[in-house]
Amino acid sequence: MEVLSAQTYGARLVVRLLMNPGEPEWVHRPGDQQRDLDGLPVFGDNGDPVLLRGSAVPPDETGRTCHNCRYNWTVKEVVLDGLEYVSMTADQIWELVLQMHEPDPVPQTIAGLSGRSN
C-alpha cells in the first residue's frame, strides 16, 4: 500500500491509496473487447465482439499507443470527517489509515444459489 495523495479540506481529510504498487502498471484485461490501432472495437466474422484472452502487454508498451492497455492500479480513498483529524501528524494519520484498511474479502461461492430462477 502506498499513499498517492493526501488532502485536507477543513474538517475533511482525503487520502488516496494505491493498493498494489508492486504490480505492472499496464495490463490487458481478459474479457475486455479488443480494440484496433485506431481504438475502435474489433468484431469477428460472425459479428460477435473479439475479447482479449490474456493480460500480456507488448514489450515496452506504456499504454499510449495500445488501446487495449489499462492501468492495473487499485486505488482506494479513505475519507476522515471531523475536527479531531485536523491536528493529527502524518505519522498518526498513517497509523489510522493502516488500522482502517482491511483487505478485500476473498469471493466465496454460495452453494446451491447459482442458476436458480423463478
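In summary, the convex hull built on the alpha carbon positions of the chain has an orientation-averaged projected area of 13.3 nm².
By the Cα gyration tensor, segment 24-72 has an equivalent ellipsoid whose semi-axes, rounded to whole angstrom, run 20, 12, 7 from largest to smallest. The stretch between ALA11 and LEU37 holds 4.7 nm of extra length on full extension. This uses 0.36 nm per residue minus the Cα-Cα distance.
Per-residue counts of other Cβ atoms within 10 Å, averaged by peptide: what ranking do you get for 47-55, 68-76, highest first? Don't skip to the answer; put the middle values down first.
Numbers: 47-55: 11.4, 68-76: 15.4.
Top to bottom by mean Cβ count within 10 Å: 68-76, 47-55.
Just so you know, all these numbers are worked out from the coordinates, no wet-lab data involved. Worth saying up front: this structure is predicted, and the values here are computed from it rather than measured. A quick note on method: Cβ atoms are made from the backbone with ideal geometry, for glycine too, and the neighbour counts reach across all protein chains shown.
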